[in-house]
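**Student:** Handing you a structure now.
Readers should treat all values here as calculations from the given coordinates under stated rules, not as data from a laboratory. It should be emphasised that the depicted structure is a prediction, and the values quoted were computed from it without experimental measurement. Every residue, glycine as well, gets a Cβ built from its backbone with ideal geometry; the counts of neighbours run over all protein chains shown.
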Amino acid sequence: MRIDSPALDYDIAPNLSLENAPIVRLEGISKVYGSLNTEVRALAGVDLSINKGEYCSIMGASGSGKSTMMNIIGCLDKATSGHYYLDGVDISSFNNNELAKIRNQKLGFVFQQFHLLPEMSALENVMLPMVYAGVPLAQRRDRAVAALTRVGLDNRLNNKPNQLSGGQQQRVAIARAIVNRPVLLLADEPTGALDSVTTQEVLAIFKELNDSGITVLMVTHEPEVAKQTKRIVWFKDGKVLHQNLTPNTLPSLLG
Ligand SMILES: Nc1ncnc2c1ncn2[C@@H]1O[C@H](COP(=O)(O)OP(=O)(O)OP(=O)(O)O)[C@@H](O)[C@H]1O
Ligand SMILES: [Mg+2]
């Protein structure tokens, strides 16, 4: 490497340093909602790293700050203080437009209530993130069909959400979340509205995505769901109480 070339240094150094960098690194992240007498401290200094390729679940009592953290990691909300490094870049001070761009390029988000657009078909819902990403029209359909095929819905391309079961709607939402090839897939209680059979179908898709190299981070209240991930993080009162539980060590905590 030529050391007299700043441009070359810049191009090469981040790649070298990113090789082993975590996908997500939170340092002292706090979130305060409201002001003065209505103040709620949802996060009170969260330190957490998620490495590339991990399959990790987040557990903890209702109100402990899980969704607040997921929304910050997912660039849907901003921390009040602290630093957030996404794929090696400190994005804490990015404005809303910059966050929207990062979200579209690097992240996929799956919610408990699916959040599909009701007037659009499964195919159109999955094509939408590619419009924002500037993918040429000719490729959008092919990529959306491929994503829907991956989640087993190639026979439901033209159905609207109200013509699909809950599990099928969640699979459309997963296809939409992966169609821009994110580095990180975030899911906030993705099986919370599903029965046990459909829950297993969705978990099988997450496992397959993780096996293919996508980092998956999922909030769940269900121990049986968390036990199917490789690492479990436990939240309490806006902080990380346990960083590194495993399916084997979780039962002792649940008592
Ligand atoms: N927009 C908001 N305005 C004010 N307070 C909020 C807001 N969003 C969340 N909170 C508060 O922040 C705290 C953390 O909420 P959060 O939704 O992150 O919890 P959670 O762990 O996801 O809970 P659950 O398991 O019930 O989904 C709670 O006390 C909640 O009432
Ligand atoms: Mg929540």
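**Student:** Which of rounded, prolate or oblate describes the stretch 108-216 when judged by the alpha-carbon gyration tensor and an a/c cut-off of 1.5?
**Tutor:** oblate
**Student:** If one computes the Cα centroid of the stretch 83-117 and of the stretch 181-220, what distance in Å separates the two points?
**Tutor:** 18
**Student:** For the chain, what is the percent of antiparallel DSSP beta bridges, rounded to the nearest 5?
**Tutor:** Within the chain, antiparallel bridges account for around 50 percent of the total.
**Student:** Calculate how many DSSP beta bridges within the stretch 182-255 are antiparallel, expressed in % of all such bridges and rounded to the nearest 5. List each step's numbers first, then the result.
**Tutor:** Numbers: 4 of 9 bridges.
Beta bridges within the stretch 182-255, antiparallel portion: roughly 45 percent.
**Student:** If I model a spin label at Ser93 and Thr149 as a point 7 Å from the Cα along the Cα→Cβ vector, what separation in nanometres do I get?
**Tutor:** 4.6
**Student:** While we're looking at this one, here's another question. At a temperature of 4 °C and a viscosity of 1.567 mPa s, determine how fast the chain diffuses translationally according to Stokes-Einstein, using the Kirkwood radius over alpha-carbon pairs as Rh; express D in µm²/s, rounded to the nearest whole number. Before the final figure, lay out each step's value.
**Tutor:** Working: Rh = 19.3 Å.
Answer, rounded: 67 µm²/s.
**Student:** Too long at a 19 Å Cα-Cα cut-off: which of Lys31/Lys230; Lys66/Lys227; Lys52/Lys101; Lys106/Lys236; Lys101/Lys239; Lys31/Lys101?
**Tutor:** Over 19 Å Cα-Cα: Lys31/Lys230; Lys52/Lys101; Lys106/Lys236; Lys101/Lys239; Lys31/Lys101.
**Student:** Radius of gyration and Dmax for the stretch 185-255's Cα atoms, expressed in Å?
**Tutor:** 12.3, 34
**Student:** For the chain, with only Lys/Arg (+1) and Asp/Glu (-1) charged at the beta-carbon, what is the dipole magnitude about the Cα centre, in debye rounded to 20?
**Tutor:** The dipole magnitude comes to about 280 debye.
**Student:** Between Ser212 and Ala138, what is the label-point separation in nm under the 7 Å Cα-to-beta-carbon projection?
**Tutor:** 2.4
**Student:** Same structure again: To the nearest whole percent, what portion of all C-alpha pairs in the stretch 42-130 is separated by more than 23 angstrom?
**Tutor:** Working: 1269 of 3916 pairs.
I get 32 percent for the Cα pairs in the stretch 42-130 exceeding 23 Å.
**Student:** Suppose a student asked you for the relative contact order of the stretch 139-255, using Cα pairs under 8 Å spaced at least 6 residues apart; what percent would you report?
**Tutor:** Once divided by the residue count of the stretch 139-255, the mean separation gives 19 percent.
**Student:** How about the stretch 22-115: which GluC sites (Glu not before Pro) there are in a DSSP loop, with at most 10 other Cβ atoms within 10 Å of their Cβ?
**Tutor:** The qualifying sites are Glu39.
**Student:** Taking 8 Å as the Cα distance limit and 6 or more residues as the minimum spacing, I'd like the relative contact order of the chain as a percentage.
**Tutor:** After rounding, I find 25 percent.
**Student:** Then there is this: How charged is the neighbourhood of Asn159? Take every other residue with its Cβ under 12 Å from the Cβ of Asn159, and add Lys/Arg as +1 and Asp/Glu as -1.
**Tutor:** For residues surrounding Asn159, the net value is +1.
**Student:** Which of these, Leu117, Leu43, Leu148, has the largest mean-square fluctuation under a Gaussian network model of the chain (Cα springs below 10 Å)?
**Tutor:** For the chain, modelled as a Gaussian network with Cα springs under 10 Å, the answer is Leu117.
**Student:** Grab the DSSP H runs of the chain that are 4 residues or longer, score each as -39,500 (n - 2.57), total them, divide by all residues and round the 222 nm result to the nearest 500 deg cm²/dmol.
**Tutor:** Taking each H run of at least 4 residues, the total per residue is -11500 deg cm²/dmol.
**Student:** Additional query: What full-extension length gain, to one decimal in nm, is calculated for Gln200 and Leu254 as 0.36 nm per residue of separation minus the Cα-Cα distance?
**Tutor:** 17.3 nm
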